[in-house]
Amino acid sequence: MSCLCITGADIREFGAKMSGPPLVPMIHMIEAAAKPVVAAIEGVALGGGLELALSCHYRIAHSKARLGLPEVTLGLLPGAGGTQRLPRLIGVPAALELITTGRHVTAAEALQLGIVDEVTDQNAVDAAVKFAQSVEGKSLDARRIGTFPCPRPPDLDAVFEKVMKEVRRSARGAIAPVTCVQAVHAAVTLPYAKGMERERELFSTLFTSGQARALQYYFFAQRAVSRWSTPSGARWDTSKPRPVRKAAVIGLGTMGRGISVSLAQAGFSVVAVETQEKQLLEAKQAVSGMLERDAKRRGAPLAHGNIKYSCSLKAAADVDLVIEAVFEDMALKKAIFRQLSAICKPGTFLCSNTSALDIDELASQTQSPELVVGMHFFAPAHVMKLLEVVYGPRSSPEAVATAMQMGKKIGKVSVAVGNCRGFVGNRMLKPYLEQAFFLLEEGATPEQVDQVLEEFGFPMGVFKVSDLSGLDVGWKVRKADGLVVPDSTGKSARIQGGRRYSPLGDLLCEQGRFGQKTGRGWYQYDKPGGRVAKSDPWLHRFLEEYRARHGLVARRIDQQEVLERCLYALINEGFQILQDGIAAGPEDIDVIYVLGYGWPRHRGGPMFFADMVGLDKVLDRLERYHQLHPDVPGLKPCSLLRKLAAGGCPPIHRWREVIQKPHSQL
Ligand SMILES: CCCCCC/C=C/CC(=O)SCCNC(=O)CCNC(=O)[C@H](O)C(C)(C)COP(=O)(O)OP(=O)(O)OC[C@H]1O[C@@H](n2cnc3c(N)ncnc32)[C@H](O)[C@@H]1OP(=O)(O)O
């Protein structure tokens with residue numbers, strides 16, 4: 001009997017020489033053993049751990065155990081017989097689903113699927129001993145999965161064609177899921193020994209791929225961000241969070257509703273405040289609907305009772321933490337912070353869900369600025385996994401620790417970032433968007449730019465995202481910044497503050513083209529609120545007229561230029577953010593971009609991507625583009641990038657040694 005709680009291979013060893021006994025011969029030895037081998041599974045049996053269990057003749061799992069083949073999430077496939085044994089045990093469709101998604105299953109589901117033979121609430125080893133005694137003397141012929149014929153679906157080709165199509169669509173360029181399907185196909189079409197050979201070949205291809213490196217980097221990056229630090233010396237391991245039982249959400253628009261749902265689902269007592277009675281009622285209905293749908297989907301109990309609704313800020317008097325989620329309007333937010341500071345009991349943390357505004361300015365409105373931090377959620381707030389926790393120069397370590405822990409409790413990945421316009425995510429978005437606009441001026445179309453970005457792996461190109469989130473959002477910000485001037489002023493509309501500016505987005509807004517909500521934007525939709533973007537001849541004519549009016553001659557722009565200008569401008573800002581100390585390390589930026597902005601996970605994140613491309617190459621291309629566009633500061637290589645390149649392009653895990661001590665920029 002063997003007792004298992006194995007998280008699989010040590011992922012850190014993948015980059016180095018693997019140690020320990022090779023798994024495949026061991027697996028064959030166990031399966032061929034003349035004596036029955038029963039696996040007792042407690043905790044987790046993942047990856048190589050489950051493959052080992054599959055070589056045993058019987059499997060007994062504790063009811064709290066979790067099982068799975070998550071290799072695909074690390075850019076690999078189960079390379080120790082998992083792709084050959086699992087379909088033989090549970091059938092092709094179920095095995096394909098588990099192997100291509102990497103999903104973990106509970107012991108109960110594993111029993112239902114036929115992966116384990118028994119589930120126990122008792123000690124799994126004791127149960128397995130008992131089980132072994134009950135099967136003593138029985139033949140093992142029917143227990144060696146490697147000897148089973150693989151069930152062959154009657155419509156084999158159609159099944160695999162359908163799965164392959166679906167997997168390719170959702171993989172967005174990731175090769176591991178596609179390769180997993182090929183390996184399972186080998187289980188069905190080849191004898192076991194040949195299938196194992198094919199699995200090994202396919203595994204080797206993935207093992208050395210850049211995508212596997214990226215996904216394994218990302219696995220650790222997502223864990224590294226919890227070990228946060230701030231310029232003042234506050235750290236995750238020395239700062240104690242304060243317990244939060246009751247929280248208030250102020251403002252029940254889209255974001256406030258999503259935040260309330262997240263809090264209620266995590267078991268917090270919630271006070272939801274919206275000052276207008278009608279809006280409060282609407283919000284209450286919407287939140288209840290969201291909770292009901294989600295409870296139904298997850299088979300979980302309803303969290304209705306946790307939320308109390310009120311029209312008065314005074315309802316927040318006795319809460320431990322407040323999340324303000326009103327319109328992105330500094331004057332309004334300041335007024336609310338002033339009131340909250342007077343209403344709330346001493347020690348209440350005051351947090352703002354602002355996406356770009358100055359946390360320090362909000363803190364300065366309160367009697368206890370050390371209790372103020374930003375909690376920047378991403379829409380839809382009850383779905384998106386990312387939370388930027390924004391500390392100002394006066395935020396206390398306790399406030400940062402509490403917000404970080406609160407994020408974790410509601411199922412988010414919290415990343416601590418410094419205070420500057422747009423924090424990390426939105427600040428990097430600005431030069432990216434700017435390049436996309438400039439490319440249109442120079443001859444590209446929204447379709448072309450979006451196609452290049454989608455082929456790179458983004459779920460949506462920049463113009464489709466802009467249509468989805470609404471062009472008016474950025475327009476308001478640009479107007480407030482004094483950037484929007486009438487196009488009739490000719491060339492001057494294209495230069496603002498001595499730097500190139502594209503008024504294209506402003507011009508569309510002036511035409512009432514706000515994106516999906518108005519049925520027109522960079523694309524056209526069948527109706528206001530429509531979701532399917534269609535090319536719009538009006539937009540193409542508009543671009544031609546615009547270029548003619550400004551004396552711009554359209555040129556053919558190739559895919560490489562589109563990609564490099566958009567991505568390298570964004571990456572360059574990332575280096576600036578590291579240099580400014582707004583993010584403590586490249587992992588923070590990468591996690592923010594993967595979880596908040598659709599950056600393809602199999603490319604690791606923008607900073608990892610720069611490392612893969614080569615910092616010297618990124619620098620070289622930025623220098624070239626900046627020479628061609630000297631009036632675009634976003635293309636001027638940041639000095640940290642220069643420093644890293646001059647220092648021989650150290651690997652990403654060594655960048656922190658070169659980065660200065662973090663500090664807030666405001
Ligand atoms: C010729 C063919 C040869 C084939 C050879 C066999 C190959 C097998 C392939 C594999 O087995 S690939 C690995 C498959 N396993 C996984 O992907 C599991 C990864 N881990 C997890 O999903 C989770 O960590 C967990 C096990 C479910 C536990 O989650 P929990 O939230 O409780 O803790 P974490 O914070 O995630 O982890 C704690 C700590 O442990 C580190 N860690 C976890 N798993 C691994 C691992 N497999 N290798 C190395 N390190 C691991 C994790 O990074 C955390 O440490 P950190 O310092 O905070 O980063």
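Evaluate region 476-495: report whether one residue or more is among the acidic types (Asp, Glu), more than 30 Å from Val553 (Cβ to Cβ) and open to solvent by 20 Å² or more (accessible area, probe 1.4 Å). No, region 476-495 has no match at all.
On the basis of being surrounded by 17 or more Cβ atoms within 10 Å (Cβ to Cβ) and in a helix (DSSP H, G or I), does Ser262 make the cut? The answer is yes for Ser262.
Residue by residue, here is whether (1) open to solvent by less than 20 Å² (accessible area, probe 1.4 Å); (2) closer than 19 Å to Ala65 by Cα; (3) in contact with a strand residue (DSSP E or B) (Cβ under 8 Å, 6 or more places away or on another chain) holds:
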{"residue": "Ile90", "(1), (2), (3)": "no, yes, no"}
{"residue": "Ala107", "(1), (2), (3)": "yes, yes, yes"}
{"residue": "Ala124", "(1), (2), (3)": "yes, yes, yes"}
{"residue": "Glu161", "(1), (2), (3)": "no, no, no"}
{"residue": "Arg172", "(1), (2), (3)": "no, no, no"}
{"residue": "Ile175", "(1), (2), (3)": "no, no, no"}
{"residue": "Val181", "(1), (2), (3)": "yes, no, no"}
{"residue": "Val188", "(1), (2), (3)": "yes, no, no"}
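Among the residues making up region 627-666, those that are modelled with pLDDT of 95 or more and hydrophobic (A, V, I, L, M, F, W, C) are Leu628, Val632, Leu635, Cys638, Leu640, Leu641, Leu644, Ala645, Ala646, Cys649, Ile652, Trp655.
If the condition is being away from the ligand (no atom under 16 Å from the Cβ) and either of a type in the set (Gly, Ala, Ser) or more than 26 Å from the chain's Cα centre (by Cα) (or both), then region 229-243 contributes Ser232, Gly233, Ala234, Thr238, Ser239, Lys240, Arg242, Pro243. Looking across region 588-605, the residues that are assigned to a helix (DSSP H, G or I) and either within 22 Å of Arg169 (Cα to Cα) or in the same structural domain as Phe463 (by TED's automatic domain parsing) (or both) come down to Tyr593, Val594, Leu595, Gly596, Tyr597, Arg601, His602, Arg603. For region 285-301, the condition of being open to solvent by less than 20 Å² (accessible area, probe 1.4 Å), modelled with pLDDT of 95 or more and not in a helix (DSSP H, G or I) holds for none of the residues.
Mind checking which residues of region 202-228 are more than 26 Å from Lys412 (Cβ to Cβ), surrounded by fewer than 18 Cβ atoms within 10 Å (Cβ to Cβ) and within 10 Å of the ligand (Cβ to nearest atom)? Once the filter is applied, which keeps residues that are more than 26 Å from Lys412 (Cβ to Cβ), surrounded by fewer than 18 Cβ atoms within 10 Å (Cβ to Cβ) and within 10 Å of the ligand (Cβ to nearest atom), region 202-228 yields Ser204, Phe207.
Looking at region 354-366, can you tell me whether even one residue there is within 19 Å of Glu274 (Cα to Cα) and either modelled with pLDDT of 95 or more or in contact with a Leu (Cβ under 8 Å, 6 or more places away or on another chain) (or both)? Within region 354-366, one or more residues are within 19 Å of Glu274 (Cα to Cα) and either modelled with pLDDT of 95 or more or in contact with a Leu (Cβ under 8 Å, 6 or more places away or on another chain) (or both). Take the residues of region 349-377 that are closer than 22 Å to Val465 by Cβ and open to solvent by 20 Å² or more (accessible area, probe 1.4 Å): which is farthest from the chain's Cα centre (by Cα)? Of everything passing the filter in region 349-377, Leu357 is farthest from the chain's Cα centre (by Cα).
Within region 15-42, restricting attention to residues that are open to solvent by less than 80 Å² (accessible area, probe 1.4 Å) and within 8 Å of the ligand (Cβ to nearest atom), the residue that is modelled with the highest pLDDT is Val24.
The values are calculated or read from the model by the stated rules, or taken from the named source; none is laboratory data. These numbers come from a predicted model, not from an experiment. No Cβ is skipped: glycine too gets one built from the backbone with ideal geometry, and neighbour counts run over all protein chains shown. Side chains included, ligands, DNA and RNA excluded: accessible areas come from the protein's heavy atoms. Shrake-Rupley method; radii C 1.70, N 1.55, O 1.52, S 1.80 Å.
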